[in-house]
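The values are calculated or read from the model by the stated rules, or taken from the named source; none is laboratory data. Everything quoted here is computed from the prediction, not taken from an experiment. As a convention, Cβ positions derive from the backbone with ideal geometry for all residues, glycine included, and neighbour counts pool all protein chains shown.
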Amino acid sequence: MSKPAVLVTFDSMKNANSGYFSFGKGLGNALIAQNSDRFKLEYYMFKNTTYFFDKKVDIMYLSRLHNIHFPARNKFDLVHFTDQTCRLKPYKVNAKKIMTIHDINNVHLKFKPQRKIDAHINKLRRYISYCDKVVTISAFVANDILHFIPEVKDKLRVIYNGADKLSVPDNHVPVFLPKTPFLFTIGLLSVQKGFHLLPPLLKGNDFELVISGIETPHKNRIIEEAEKYGCKERVIITGPVSESDKAWYYKNCSAFVFPSIAEGFGLPVIEAMYFGKPVFLSKFTSLPEVGGEAAYYFDNFEPEHMQYVFKEGMLDFDTNKRSAAIIKHAERFSWESTAKQYLELYNECLNG
């Protein structure tokens, strides 16, 4: 008896410095490792992606012509769309279909016009209508989806992301080497990540702040805030960094700070926790769900409040030696567990 053919779309892995790349690499490798020859896996990817899973799986390359005609329309028993951007449209394939939705963060951004939010929801509603199962990466995202698209209820479930337990190569030195103890954060330099809110944390101490990620014009706002608080020389924006540099910063930082207001999950949070670091998060969207009791939270972004939370959190971390508990919390989120849940869902979807 032939194995069911499963196509998994990883076409959002195009940018190696994006969260989708980390998600795709982690899940894709774990699916291969946990498959145990149950399914004939094939991955759908851009030709210029920098990582192809060490040739352990067949690859189908994305083509713009697939928007007109997808020649493998009837080739697969199941297609898993691993994010909601859907370059390959669900209605282009004749198979069982699963879609993973990472977030609908637009609804939480006050500066987004309502017409754009409505258009986004309506497009997502259409994609969902073609799918047999829908997965969200947190209960927070599931509740968002149920609020705006309640008809999805009977085919919705939550499967948390895993996170890589990173390691630092021996004798590795990052591109920027901090001169003093430092705080670290990583992500796209966008308004919703909130990195411009972090300079007040440098008041009354000698910490540097290292911010890594793809730069945008919002970088200027971060610099302005650093100037305002007299710490411009201690705020370092590195741009995108290598995996080794990222791991080095996690391992050697005094704390990881992440005041985002729009996260479907927040992979960097768990990556930092795997190193046993104190993690300071905003109390918005999915972050309290992911960080749990192992993280410290900013209830608001008033500088005095953030300074207080940071000072008290660092004191608690040092006094109560919380590193081991933080690592234990991180270990709840493994790609092995995530992949096993997806493979079981593939089986359920094919046999249901």
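Here are some notes:
- Residues satisfying the stated conditions in segment 36-46, i.e. of a type outside the set (Asp, Glu) and surrounded by fewer than 18 Cβ atoms within 10 Å (Cβ to Cβ): Ser36, Arg38, Lys40, Phe46
- Segment 108-139, subset part of a loop (DSSP other than H, G, I, E, B) and at pLDDT 85 or above, residue surrounded by the most Cβ atoms within 10 Å (Cβ to Cβ): Ile137
- Only listed residue being assigned to a helix (DSSP H, G or I) and buried (at least 19 other Cβ atoms within 10 Å of the Cβ), chosen from Ala163, Ala226: Ala226
- Residues satisfying the stated conditions in segment 12-34, i.e. among the aliphatic types (A, V, I, L, M) and part of a loop (DSSP other than H, G, I, E, B): Ala16
- Within segment 25-53, the set of residues being over 23 Å from Pro240 (Cα atoms), free of Cβ contacts under 8 Å to residues at least 40 places away in the same chain and charged (D, E, K, R) comprises Asp37, Lys40, Glu42.
- In segment 174-187, the residues that are closer than 15 Å to Cys231 by Cβ reach residues that are small (Gly, Ala, Ser) with C-beta atoms within less than 7 angstrom, at least six apart or across chains, in these pairs: Pro181/Ser254; Phe182/Ser254; Leu183/Ser254; Leu183/Ala255.
- Tally, over segment 14-35, of residues that are within 13 Å of Tyr51 (Cβ to Cβ), of a type in the set (S, T, N, Q) and modelled with pLDDT of 90 or more: 2
- Check on Ala262, assigned to a loop (DSSP other than H, G, I, E, B) and within 18 Å of the chain's Cα centre (by Cα): yes
- When residues of segment 235-249 are limited to those that are in contact (Cβ under 8 Å) with a residue 60 or more places away in the chain and in a strand (DSSP E or B), the one farthest from the chain's Cα centre (by Cα): Ile236
- Residue that is nearest to the chain's Cα centre (by Cα) [pool: residues in segment 1-47 that are among the hydroxyl-bearing types (Ser, Thr, Tyr) and over 26 Å from Gly264 (Cα atoms)]: Ser36
- The set of residues in segment 191-218 that are under 16 Å from Phe298 (Cα atoms) and free of Cβ contacts under 8 Å to residues at least 60 places away in the same chain comprises His196, Pro199, Leu202.
- First in segment 12-24 and buried (at least 22 other Cβ atoms within 10 Å of the Cβ), second anywhere and among the acidic types (Asp, Glu) and in a helix (DSSP H, G or I), Cβ under 9 Å, 6 or more apart: Gly24/Asp11
Listed here are the residues, each with its yes/no results for (1) in contact with a helix residue (DSSP H, G or I) (Cβ under 8 Å, 6 or more places away or on another chain); (2) of a type in the set (Lys, Arg); (3) at pLDDT below 95.
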{"site": "Phe265", "(1), (2), (3)": "yes, no, yes"}
{"site": "Lys277", "(1), (2), (3)": "yes, yes, no"}
{"site": "Phe280", "(1), (2), (3)": "yes, no, no"}
{"site": "Asp299", "(1), (2), (3)": "yes, no, no"}
{"site": "Lys321", "(1), (2), (3)": "no, yes, no"}
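- Meeting the requirement of 3 or more residues that are without any contact (Cβ under 8 Å) to a residue 40 or more places away in the chain and within 23 Å of Asn205 (Cβ to Cβ), the helices (runs of 4 or more DSSP H) wholly within segment 272-334 are 303-320.
- Pick from segment 48-100, criterion β-branched (Val, Ile, Thr), buried (at least 17 other Cβ atoms within 10 Å of the Cβ) and at pLDDT 95 or above, ranking: farthest from Asn351 (Cα to Cα): Val57
- Among the residues making up segment 1-11, those that are in contact with a Lys or Arg (Cβ under 8 Å, 6 or more places away or on another chain), touching a residue at least 60 places away in the same chain (Cβ under 8 Å) and outside any helix (DSSP H, G or I) are Pro4, Ala5, Val6, Leu7, Thr9.
- Selection within segment 252-268: residues that are of a type in the set (Gly, Ala, Ser) and touching a strand residue (DSSP E or B) at 6+ places or on another chain (Cβ under 8 Å). The member of this set that is surrounded by the most Cβ atoms within 10 Å (Cβ to Cβ) is Gly266.
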